[in-house]
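These notes are about the structure you will find just below.
The values are calculated or read from the model by the stated rules, or taken from the named source; none is laboratory data. Note that the coordinates shown come from a computational prediction; the quantities given were computed from them, not determined experimentally. All Cβ positions, even for glycine, are placed from backbone atoms using ideal geometry, and neighbour counts span all protein chains on display. Note: accessible area is taken over every heavy atom of the protein model, side chains too, but ligands, DNA and RNA are not part of it. Shrake-Rupley method; radii C 1.70, N 1.55, O 1.52, S 1.80 Å.
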Amino acid sequence: MSQPAWRQLYPFASHRHAISAPGGGHVHMHYVDEGEGKPVLFVHGNPTWSFYYRNLILGVRPHARAVAVDHIGCGLSDKPAEYPYTLQRRIDDLAGLVEALDLRDITLVVHDWGGPIGLGAALAAPERYAKLAILNTGAFPPPFLALRIRMCRFPLAGEWAMRRLNLFARAALWMATEKPQRLTPEVCAGLLAPYDTPAHRVAIARFVQDIPLSPRHPTWQVLERIERELPQLADRPAVLIWGLRDWCFTPECLRRMQVLLPQAERVELTKAGHYVVEDAWEHILPPLRQLVAPHADWPQIQNPPKSS
C-alpha cells in the first residue's frame, strides 16, 4: 500500500520506548532519533506531535542528534483510554526516555505544553541539559485562560466536541497560525493523522482538562514548582523564540519567561502565531543552529520536502 502524502513530509524512522503502565503492563512512547552528535530534544504540546518539528529536525540533523518525542496518547505513541494524563506523569515519562537513551549535553526545544513538560524534566536531571530553546509556552500557572479554550472545558459538551468532532485539533489549523497558506492539505493531514477516531483523541481532551484554574488543582502546584526552580537553569545558554501574534501564550508570557531566564536571548517573530514553527520555521532554524553548534558548517536552509 502507498503511504499517505503527509508521510513524505516526515521521512523519519520510528522508535518505541516501553513505559510501565499503572495497573501493570506497558505502554509505548514513540520517538524519532535522527543524525549524530550532541542531542537536540524536541518536546511538543497539544494537539501537535513530533510531526510539528519536522523541518527543525531536518535542519539540525546534519550536525546533531535530533530526538523528538510523542507523548503518550499523542502522535504515533500508544493511546490508552485509562492513563494518568497529568503534567507530572508526562514529566516522568519524558525523564524516563532521556535516562533510557542516556542523553547528555542536551539542547532542549519546547513549545506549548512541551514547555512545562520539558523544563520539568530538565529540573529533575539538570546535569543532562546544557542549552534551552523555548518557543511560545509558559512555566508558571496560567495567568489567564482564553475563552476559546475555556469553552472546551464545559462539562460533557467540551469533551464531546474535542473527541467526537475533533474540534480542538481542527480549529487549531486556522486559529493557531498566521500563515494558513502554509498549512497545505498534506500538512493538515499530518497534524491530524494520529487523531482519527474519538478513542485516539483522549489525550487532546485530557491536556485541556489538566489546565489548572486554581491552586486546588494538583497541576497548579507542579507549575508553581517549575516557576520557582527554573532560575536554577539560568546559567545555561538559552534563546526565547516567540510568535508575537499568539493569543494563547501572549507576549506577556515571553516577558515572564525572560524574568525567569534573564540570560536568554530573544527572537521576536512579529508575523507568527501560536503554531510558530509552522509559521516561521526558517526564521527559527538559524538561532537554533547557532545555539546547538555555533561553529559548525551548517548547510544552506532548504525548502522542506514536498508531497507529490
Across segment 3-51, the tally of residues that are hydroxyl-bearing (Ser, Thr, Tyr) and under 15 Å from Leu101 (Cα atoms) stands at 2
Residues of segment 55-96 being open to solvent by less than 10 Å² (accessible area, probe 1.4 Å), closer than 24 Å to Leu285 by Cβ and part of a helix (DSSP H, G or I), which ones? Leu56, Ile57, Gly59, Val60, Leu94
Could you list, ordered by first residue, the pairs with Cβ atoms under 6 Å in which the first is in segment 246-260 and among the acidic types (Asp, Glu) and the second is outside any helix (DSSP H, G or I), at least 6 apart or interchain? Asp246/Asn136; Asp246/Gly273; Asp246/His274
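Based on what the data block shows, is Asp105 in contact with a helix residue (DSSP H, G or I) (Cβ under 9 Å, 6 or more places away or on another chain), open to solvent by 30 Å² or more (accessible area, probe 1.4 Å) and among the acidic types (Asp, Glu)? So that I can check it myself, show each step before the final result.
On the way: in contact with a helix residue (DSSP H, G or I) (Cβ under 9 Å, 6 or more places away or on another chain): yes; open to solvent by 30 Å² or more (accessible area, probe 1.4 Å): yes; among the acidic types (Asp, Glu): yes.
For Asp105, the condition - in contact with a helix residue (DSSP H, G or I) (Cβ under 9 Å, 6 or more places away or on another chain), open to solvent by 30 Å² or more (accessible area, probe 1.4 Å) and among the acidic types (Asp, Glu) - is met.
Of the residues in segment 1-32, how many are open to solvent by 40 Å² or more (accessible area, probe 1.4 Å) and in a strand (DSSP E or B)?
6
Kindly indicate whether any position in segment 269-281 is free of Cβ contacts under 8 Å to residues at least 12 places away in the same chain and surrounded by fewer than 15 Cβ atoms within 10 Å (Cβ to Cβ). Before the answer, list the steps.
Residues of segment 269-281 free of Cβ contacts under 8 Å to residues at least 12 places away in the same chain: none.
The answer is no, given that none of the residues of segment 269-281 is free of Cβ contacts under 8 Å to residues at least 12 places away in the same chain and surrounded by fewer than 15 Cβ atoms within 10 Å (Cβ to Cβ).
Every residue, every condition in (1) in a strand (DSSP E or B); (2) acidic (Asp, Glu); (3) surrounded by 18 or more Cβ atoms within 10 Å (Cβ to Cβ), yes or no:
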| position | (1), (2), (3) |
| --- | --- |
| Gln232 | no, no, no |
| Val239 | yes, no, yes |
| Trp242 | yes, no, yes |
| Cys253 | no, no, yes |
| Gln258 | no, no, no |
| Gln263 | no, no, no |
| Arg266 | yes, no, no |
Matching residues in segment 64-92 - criterion: being of a type in the set (Asp, Glu) and either farther than 15 Å from Trp49 by Cα or in contact with a Cys (Cβ under 8 Å, 6 or more places away or on another chain) (or both): Glu82, Asp92
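Of all the helices (runs of 4 or more DSSP H) wholly in segment 115-200, which have at least 3 residues that are hydrophobic (A, V, I, L, M, F, W, C) and modelled with pLDDT under 95? Step through it out loud before you land on a result.
Details: elements: 147-150, 157-163, 167-175, 185-192.
Ranges flagged: 157-163, 167-175.
Return the only residue of Pro218, Pro294 being open to solvent by 50 Å² or more (accessible area, probe 1.4 Å) and free of Cβ contacts under 8 Å to residues at least 40 places away in the same chain.
On the way: Pro218 fails: free of Cβ contacts under 8 Å to residues at least 40 places away in the same chain.
Answer to the check: Pro294.
Touching a helix residue (DSSP H, G or I) at 6+ places or on another chain (Cβ under 6 Å), touching a residue at least 40 places away in the same chain (Cβ under 8 Å) and farther than 27 Å from Glu186 by Cβ: is that true of Leu285 in this structure?
Numbers: touching a helix residue (DSSP H, G or I) at 6+ places or on another chain (Cβ under 6 Å): yes; touching a residue at least 40 places away in the same chain (Cβ under 8 Å): yes; farther than 27 Å from Glu186 by Cβ: no.
So Leu285 fails the test.
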Looking only at segment 118-145, which residues are open to solvent by less than 20 Å² (accessible area, probe 1.4 Å), closer than 21 Å to Tyr275 by Cβ and of a type outside the set (Val, Ile, Thr)? Gly118, Leu119, Leu132, Ala133, Leu135, Asn136, Gly138, Ala139
Between residues in segment 112-126 that are on the phi < 0 side of the Ramachandran plot and residues that are assigned to a helix (DSSP H, G or I) and of a type in the set (Asp, Glu), which pairs lie under 6 Å by C-beta distance while being six or more apart or on different chains? Leu123/Glu229
Report every pair of residues separated by at least 6 positions or lying on different chains whose Cβ atoms are under 9 Å apart, first residue within segment 183-195 and of a type in the set (Asp, Glu), second not in a loop (DSSP other than H, G, I, E, B). Glu186/Ala5; Glu186/Trp6; Glu186/Gln8; Glu186/Leu9
